[in-house]
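Where a number appears in this text, it was derived from the coordinates with a stated rule and is not lab data. These figures come from a predicted structure and were not determined experimentally. Using ideal geometry, Cβ is built from the backbone for each residue, glycine included, and neighbour counts are taken over all protein chains shown.
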Amino acid sequence: MDIFSLFTLCGGLAFFLYGMTTMSKSLEKMAGGRLERLLKRMTSNPMKGLLLGAGITIAIQSSSAVTVMLVGLVNSGVMELGQTIGVIMGSNVGTTLTAWILSLTGIESESVLLNLLKPENFSPLFALAGILLIMGSKRQRRRDVGRILIGFAILMYGMELMKQSVSPLAELPGFSDLLTAFNNPLLGVLVGAVFTGVIQSSAASVGILQALALTGSITYGMAIPIIMGQNIGTCVTALISSIGVSRSAKRVSIIHVTFNVIGAAVGLIAFCGGDLLFHFSFMDAAVGAVGVALCHTIFNVCTTALLLPFSRQLEWLARAAVKEEDKTPRFAFLDPLLLRTPGAAVSECAAMTNEMGELARRSLLSSLGQLSGYNGDVEAELLENEDKLDIYEDRLSGYLVQISQHGLSMEDIHTVSRLLHAVGDFERIGDHALNIQESARELHEKGLSFSGAAEAELQVLRKALEDILTASVDCFQADDPVSAKMVEPLEETIDRLTAEIRDRHIRRLQNGECTVQLGFILSDLLTNLERVSDHCSNIAVCVIEERENQGEQRHAYLHDFKAAGEFAENLDKDLEKYRLP
């Protein structure tokens, strides 16, 4: 082995890591926000979390990505610490699939069918199929599939380079002498942990161990402690992701480290103790790529089976290691860590925008209530809500722009567009709620009141506005374009109601039944109510755009929609329902 073999080894490792990253990110993009929704729904007990963690890790081929996602979700307050324990254990089991795929490189047979199972033989076909999908398909999802295939092919090419680079080692006399040092189990654990921690990929370190195993120089006695150390080294990613996060999120990385360290300690004691008592015959036998995969799987499965019943104790240890933090709530907090898994970040933004919509609805309904009976405490709450809505808009808009710079699926791209439009409308609804509150305070401070006729008309308009607000927020939260289409006829109804109320006010003013001062207040009130209905219409159109891809032809779409018979029919129903007295 010469210096060029070392270069080849480094290049193979680079290809391996790049292929793994490309494949993992493309799989994450295809999964989108479904990963986060699954994590929140299916972690009610450790066993469900275990199965879910294994499934997600198998799907996206990255236990580190799952752990970082958990840190981000706990840091944002979306998940509780106890919900993450089963998922962490499951991700350790799920990551063993990679070793089994890599073990196929060791297949030796004259059978064509068996040789086709070797990744080095079929990965070029994957690469060809992947590049054809990327270059020839217009659909984003197919291009993502192409990137997954390309990533897998590059990963396997890197594995093949590493295997070729280390194969001459078997012929070096000094190599056998070097390996005798690894007969010390503690040294094996240390080497496995340090190397995995440096490259931050247990899959890559297992792949290198499998490549070395193909030389026939690695025994089970050497490989098993290294595998145990690799599980400890993979915790480095979680530890790095916990820098600068809340104490609750830090506990996630503590659980990850504790789980793997305890598993390695128990496994090492059982392994060394068992060998002393029973003198395992396989200790000096050469281990192959399949043997490494088998040992990796057995160790992770046994560790999980051993510690799963002690989930509460692991949580207690994490809480003891990281003391309780301040209970001050972090309002509208979006964790930057979630940007590493853009689909989860988009899903979290959608949930927070739903909260913003609910806050805007409460504010407007409260401001309308001020017209009937003024309350100073309600005014203070409205001012506080307006500040919150401003914070929501600022943080959500900036975060969504950051997400847009990461790789997103087409579904997530549409969702980001919908959210960016909606946060501005929700914030403006809060502004109009404050304006309505100002009108209510002016009436209260000056001891003014509308005439009986004007009050009755405003009650009809108020009911229509409450209904359109509820309909628009509900259809946005449910992402329901069918319900969204019911908003536009109601918005047109409100436009006609405000126009008619203005005409009636002018007639009352001419007849001396109303004062100019009340007229100014009424005019401001009607303007704000009409603007709220416009923003409700915008929100509903955003929902329709996302589902029906009408974003570039919004005005033409609205024109065609209003010309349709369904719109006219619903408009007639609304005009009848909200008829002025």
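Tabulated data for the structure shown
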quantity: Whole-percent pair-distance distribution, where bins are 5 Å wide, for the alpha carbons of the stretch 323-466; calculated: 2, 9, 17, 16, 14, 12, 10, 8, 6, 4, 2, 1, 0
quantity: Alpha-carbon centroids, the stretch 180-237 and the stretch 453-494: separation in whole Å; calculated: 63
quantity: Nonlocal amide H pairs with residue 219, under 5 Å, H built at 1.01 Å; calculated: 287
quantity: Tilt relative to the chain, helix 140-166 - C-alpha long axis, 0 to 90 degrees, to 10; calculated: 20
quantity: Chymotrypsin sites (Phe, Trp or Tyr not before Pro), loop per DSSP, at most 16 other Cβ atoms within 10 Å - longest free stretch of the chain; calculated: 1-279
quantity: For the chain: rounded, prolate or oblate by the Cα gyration tensor [a/c cutoff 1.5]; calculated: prolate
quantity: Normalised contact order of the chain, rounded percent, pairs of Cα under 8 Å and 6 or more residues apart; calculated: 15
quantity: Mean residue ellipticity (222 nm) of the chain, computed from DSSP H runs ≥ 4 via -39,500 (n - 2.57), nearest 500; calculated: -27000 deg cm²/dmol
quantity: Greater than 27 Å apart at Cα, pairs in 446/577; 48/250; 25/388; 485/577; calculated: 446/577; 25/388
quantity: Within the chain, longest stretch free of exposed trypsin sites (Lys or Arg not before Pro) [DSSP loop, at most 12 other beta carbons within 10 Å]; calculated: 331-578
